[in-house]
Structure formats: structure tokens, C-alpha cells
Amino acid sequence: MKKIIILLLINYSIAGCAQKEIKKEDIMNQENIKKVANIYKEVKKYDYNPSYTLHIEKVSNFTFEALVNDEQLIKNYNSKNFTGSMPINEALLHSGKQRLTIRMTPLKDDNFIMAKEIDMENIALKLSINYGEYGKEKVKDFKEALRYELPKQKGELPYYEVHLEFDVPVLPYENDIQGWKNGVDLTKEDKDKLLKEVEDFYKEIIGYYDAKDVNAIAGKYYKRQLELDKMGYRNKPEDSQMLIEEWIKDVNDVKPFVFEDYAMRFYGNGKMVALVRTDKYYFNFSNLIREDAEGNVQTYIMYLYRPKAGAPLEVIR
């Protein structure tokens, strides 16, 4: 079976085998690298710094993706049973009502072929969302924003969605980030032209990795990383340094990029766009994907948005 590594917060890589390996000391004086290295200085600590977490406590007999405010945060297409947790602050742009969507799809067999229907009578779904401040509160004392268990179902369906709302009472950074909320509704644009622009953006990123141009990569991802660090309250120098070190590691990797079998998909209620795989092995995974001859795979998540009409696309998540 293919080995898959998903990097959720630090993204994208390809390396040119014949080029000299990049070392940290080679790049730290470059303009965009210095900006990223100083992101921690822009991150505030507030009186209360809550982390919100989605806990998938039980999934049985279906595959799925979980989206918060229409940003995909968890997916599982490879096993019939799943449990796991994911921080969700990056999808929370404002306090108040939020939306959680679970999109259920049929199981896959050992050959990665998805069944035609979900056996609704034999599925189970149980989840929760809690929040609190790590380091100041014990996890057992975190407050609960949502708890849900799917009622008993009947019959068979090719697809099923669960839509839930939950409340975020405190979000201290909401006036310090923008996210995609003021972006252009990309679903209203010419689809062919938009697809070409998105493809070109992906290829540009791949080119930077081919050239081992960490400075160019840092420039593309600066806005996204600034927001992610603000939303995660990461205000230590080592937090920013770790990102640079991961980029260096990625550009020095020699696994080839595989840019094929994909479709354009919208997120963020039409304000974000990404290319996702359509093949049976990596269905709905990011098309920023590398695979070596042994079947070891890394995928890198990237969402693009257009900050205003006529502006070029930018990385936002």
C-alpha cells in the first residue's frame, strides 16, 4: 500500500537532483527569508488565547471529509474506521456562529475502488469540538462548543452530508487577520481562464522548488504563514525558524512532483480554489504531490484566493 505523508501547515516541495544542496546559512540574509524569520514579532498574545479543536471520536463504515466554514481540515478515504483530532483555528475568521460539514462517501476496497453506496444502517459518526488555552487550563477543563452523534439511519445512499453549527464565543485575533472573507467569489469568474491561472500558479511554485529558490517560496507564503501564526499564537523565534528549516528540507528532497489527474475545486464558499486529485489512489488530495519509485508520497495543501477584483491569485491557506 502506498505510504502517504500529509503536511498541513508547512507546504510544497520538489527538488532538482543535480543542484547543490541548500543550507540554512546560505539564505538567511535574503529579503523574504528575513521577513518570515521575524513573523513571530508580529504575533500577539491576548488575555485569553483559546485553541479550538475538532475531535472525530468515531467514524465507521464510510469515507469522509470534514470542513469548517468550507475549508477542508480532515479527510479519510483509506479505512472504514477513523478517529482523530485537528486544530481548527485556521478556519475561524470571526467569533459567533460557525459551520461544520461532514461529507460522507462510500468505502473503498483493497484496489482503491469506491463502492456505489453507503450502507446507512451500519454507519456511525460521533464528534465534538472543544476549546481552551493550553498551558493555562487543563484539557479536561476545556469547554465544549459542540457534541454530536448521528442518529440511526436506514437504507443505502451514494452520498450524505451532515451540516452542524457551533458557536465560537471568543476569538481574540479576529481583528488582526483577514483570511479569505473579503476575497472575490471565484465561482462567478470564467472557469477556463481561472483554471489556467490556477495551473500556472501551481507550476510557478513547482519551478521555485526545482530551482531551490527558498526566498521566492517565502515570498509566496508569507501572508498565509503570518495569519496561521497569529491564529495559533506562535510568538517565539523558533516557531518562525522551524518553517524556514522545513522549506529547506523540502527543496532538498529529490522525490519528483506528479502533476496529473486533477480538477479545480472551490472552498471557502467560493472564495478559495485548489487543484485536487481525481484518481482512485489519491482522490480529493491536493495536486501538489510527490511520489518516489517505492510509492512514498507527500502531499502539500494550498488554497488560493483573489483579494480583490483584477488582482492576481495569492496563497491564503
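Quick notes
- Residues in region 300-314 that are hydrophobic (A, V, I, L, M, F, W, C) and crowded, with 21+ Cβ neighbours inside 10 Å: 2 in all.
- Taken over region 38-68, the criterion of being of a type in the set (A, V, I, L, M) and more than 18 Å from the chain's Cα centre (by Cα) is satisfied by I39, V43, V59.
- Of all residues in region 256-299, those satisfying the criterion of being surrounded by 15 or more Cβ atoms within 10 Å (Cβ to Cβ) and of a type in the set (S, T, N, Q) are N269, T278, N284, S286, N287, Q298, T299.
- Here N130 meets the list (1) exposed (fewer than 15 other Cβ atoms within 10 Å of the Cβ); (2) within 23 Å of the chain's Cα centre (by Cα) almost entirely, failing just condition (1).
- Qualifying residue in region 174-182 (condition: crowded, with 17+ Cβ neighbours inside 10 Å, at pLDDT 95 or above, among the aromatic types (F, W, Y) and out of contact with any Gly (no Cβ under 6 Å at 6 or more places or on another chain)): no
- Total residues in region 266-285, condition over 24 Å from P106 (Cβ atoms) and of a type in the set (K, R): 1
- Only one of V162, V184 that is β-branched (V, I, T), over 20 Å from S286 (Cα atoms) and assigned by TED's automatic domain parsing to the domain that holds P307: V184
- Selection within region 65-78: residues that are in contact with a Gly (Cβ under 8 Å, 6 or more places away or on another chain) and assigned to a loop (DSSP other than H, G, I, E, B). The member of this set that is surrounded by the fewest Cβ atoms within 10 Å (Cβ to Cβ) is D70.
- N215 surrounded by fewer than 16 Cβ atoms within 10 Å (Cβ to Cβ) and of a type outside the set (S, T, Y): no
Quick grid of which residues meet (1) surrounded by fewer than 16 Cβ atoms within 10 Å (Cβ to Cβ); (2) touching a residue at least 40 places away in the same chain (Cβ under 8 Å):
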{"site": "T63", "(1), (2)": "no, yes"}
{"site": "K80", "(1), (2)": "yes, no"}
{"site": "H94", "(1), (2)": "yes, yes"}
{"site": "A115", "(1), (2)": "yes, no"}
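- For region 144-168, a tally of residues being within 24 Å of M231 (Cβ to Cβ) and over 25 Å from the mean Cα position of the chain (by Cα) returns 0.
The values are calculated or read from the model by the stated rules, or taken from the named source; none is laboratory data. Quick caveat, the model's predicted, so the values are computed rather than measured. Virtual Cβ from ideal backbone geometry, glycine too; neighbours counted across all protein chains shown.
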